[in-house]
Amino acid sequence: MVISWLRVPEEGELSEEVRALFARFREKTGFVPNVARAFALSPRFLLWFQYYDTLMRGEGLLSREEREAMAVAISGENRCEYCVASHKRYLKDLTNDPILPEVLAANPRRAELPPRMRALVDFALKVTHRHYEMTEEDLRPLREAGLSDEAILEAAEVAAMFNFTNRLLNSLGFKPNPEYYGGLSELLR
């Protein structure tokens, strides 16, 4: 199966650090995500992964569900096949809700969300489509939902990360692993 329009390096070509990361993926989930396999072509892969992993799975001011909801909404808007598949799966596993990720990917404006998550998703959509029009007023719904400035910065980081990653994956033809279409609860631990 072709996973990228670029050459995907063989594991023997990779640094010991990248091979160790791949071993951790296999131990935890049984497979190596295609995004990691294709990104490993770049010497900057580990920098991207460390930031992504810290932002999405590390301790933060936003819940894992909020971060994943933003990821699904942004990726759906950007039509990123890889991120839609993988982050819908993560959100389904986190929430045990098979419908929410589908609606967020198809039309996030119609998703029934708690007020805080609604403010975050709306903010993420504006960052995605009209970032150049944003003013301080765009932060008001986030503040009204109880988010601190530190949490707002985290939300902006999530939005920026997915807009960057979606564009990178789309421009190079990254394909999702078939495993994302099944159950992956182990990935979220």
Exposure ranking of 48, 5 by accessible area [1.4 Å probe, largest first]: 5, 48
Estimated FRET transfer efficiency (residue 140, residue 16; beta-carbon r; R0 35 Å; 0.05): 0.10
Alpha-carbon radius of gyration plus Dmax, which is the widest Cα pair, for region 41-153 in Å: 14.2, 43
Dipole magnitude (debye, nearest 20) for region 3-103, charges at Cβ of Lys, Arg, Asp, Glu: 140 debye
From phi via Karplus (6.51, -1.76, 1.60), per-residue ³J(HN,Hα) for region 11-17 in Hz, x at Gly/Pro: 4, x, 7, 8, 5, 4, 5
Only Lys, Arg (+1) and Asp, Glu (-1) charged, at Cβ; the chain dipole about Cα centre in debye: 480 debye
Carbon + sulfur, % of accessible area of region 46-189 - ligands and nucleic acids excluded, 1.4 Å: 54 percent
Value in Å of the Kirkwood radius, where region 1-64 supplies the Cα pairs that are averaged: 12.8 Å
Size descriptor, Kirkwood hydrodynamic radius, that averages inverse alpha-carbon separations across the chain, Å: 17.1 Å
Inter-label distance, nm, simple model (7 Å from Cα along the C-beta direction), residue 131/residue 47: 1.8 nm
Kirkwood Rh in Å, taken over region 49-109 so that all alpha-carbon pairs contribute: 11.5 Å
Long-range HN-HN contacts of residue 32 with modeled amide H, under 5 Å: none
For region 85-149, convex hull volume per residue from C-alpha positions, Å³: 106 Å³
Region 1-80: GluC sites (Glu not before Pro) in DSSP coil with no more than 10 other Cβ atoms inside 10 Å: 10, 59
J(HN,Hα) series, region 143-153, from Karplus relation 6.51 cos²θ - 1.76 cosθ + 1.60, nearest Hz, glycine and proline x: 5, 5, 7, x, 7, 6, 4, 5, 5, 5, 4
Ranking by accessible area, most exposed first, for 122, 93 with a 1.4 Å probe: 122, 93
Surface per residue (accessible, 1.4 Å probe) for region 87-189, Å²: 52 Å²
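The values are calculated or read from the model by the stated rules, or taken from the named source; none is laboratory data. Remember, it's a predicted structure, so these values are computed and weren't measured experimentally. Cβ atoms come from the backbone with ideal geometry, glycine included; neighbour counts cover every protein chain shown. Areas reflect the complete protein model, heavy atoms only, side chains present, ligands, DNA and RNA absent. Shrake-Rupley method; radii C 1.70, N 1.55, O 1.52, S 1.80 Å.
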